[in-house]
Amino acid sequence: MELKALIKQIVSSPELHAKWLNSLSMMENTGARKISASEHDQLVDEIVLKHAAEEARHAYYLKSQIKKTGYEGCKTYLSHELLAPIQSFQYLHALDASISRYLKNEMGFEGNELKYAAYLLVTYAIEVRADDLYPVYEEVLRENDSKISVRMIVVEEQGHLEEMIQQMDEFFVEWKHHAEFVEKLENQLFEKWIEKVDEMVKPQPELI
């Protein structure tokens, strides 16, 4: 299903919309936790702290919007309160693991250098995706005169992407080569996630 059509279907149902927001919140929170986990004990610069803080704030903001759907629920990140729960949980973990393996095997990174390089590439891939996903979601919200808005997230994620490109310019000799690899990898994971979301959103046939 085309992304905008799928989001339209989700937004039309209070329960599905709440679980969509909750799933995005959980994934943003996972991202914030992964950024914090990648930090060096002492060599932490301002931009890394900024990214971790903003991802955590996005998770909180998305969670806070659930009540505007009118659906009573989604208080936690338990599986029954998410869309495509297995894929939602595995998405960032699988991306991080695959990129870390790539950096270790192809470039010989290890230790703190490996953690930082993985942070750069994983975050870059996620920001590219966010730069595509959130504007479509915001467009659907506006077309439906929704009380919910993700305009603030759209603006901040665009800023994050610019900052990630700047960081990679400083760290990698040829970051675009690595970026192509991680974007393909992320796209495969995203497609699996969105396919499962689509399955959950489709009306189930009535049992006779």
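Points to keep in mind about this one:
- Answer from Glu28, Glu72 - the residue that is assigned to a helix (DSSP H, G or I) and out of contact with any Phe, Trp or Tyr (no Cβ under 7 Å at 6 or more places or on another chain): Glu28
- Residue in region 54-66 that is assigned to a helix (DSSP H, G or I), β-branched (Val, Ile, Thr), touching a residue at least 60 places away in the same chain (Cβ under 8 Å) and crowded, with 17+ Cβ neighbours inside 10 Å present: no
- Answer residue from region 10-45, given it is modelled with pLDDT under 95 and of a type in the set (Lys, Arg) and is surrounded by the most Cβ atoms within 10 Å (Cβ to Cβ) among those: Lys34
A quick yes/no check of all residues on (1) within 21 Å of Ala32 (Cα to Cα); (2) free of Cβ contacts under 8 Å to residues at least 40 places away in the same chain:
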{"position": "His160", "(1), (2)": "yes, no"}
{"position": "Gln167", "(1), (2)": "yes, no"}
{"position": "Lys176", "(1), (2)": "no, yes"}
{"position": "Glu183", "(1), (2)": "yes, no"}
{"position": "Glu191", "(1), (2)": "no, yes"}
{"position": "Ile194", "(1), (2)": "no, no"}
{"position": "Val201", "(1), (2)": "no, no"}
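- Output for region 87-113, where each listed residue is over 18 Å from Glu186 (Cα atoms) and crowded, with 17+ Cβ neighbours inside 10 Å: Phe109
- Taken together, Ala125, Ala117, Ala84 contain a single residue that is hydrophobic (A, V, I, L, M, F, W, C), farther than 24 Å from Ser12 by Cβ, over 12 Å from the mean Cα position of the chain (by Cα) and crowded, with 19+ Cβ neighbours inside 10 Å, which is Ala117.
- One residue alone among Glu163, Glu157, Glu183 is assigned to a helix (DSSP H, G or I), crowded, with 19+ Cβ neighbours inside 10 Å, at negative phi and in contact with a helix residue (DSSP H, G or I) (Cβ under 7 Å, 6 or more places away or on another chain), and that residue is Glu157.
The values are calculated or read from the model by the stated rules, or taken from the named source; none is laboratory data. All of these numbers come straight from a predicted model, not from anything done at the bench. Neighbour counts run over all protein chains shown; Cβ positions are idealised from the backbone, glycine included.
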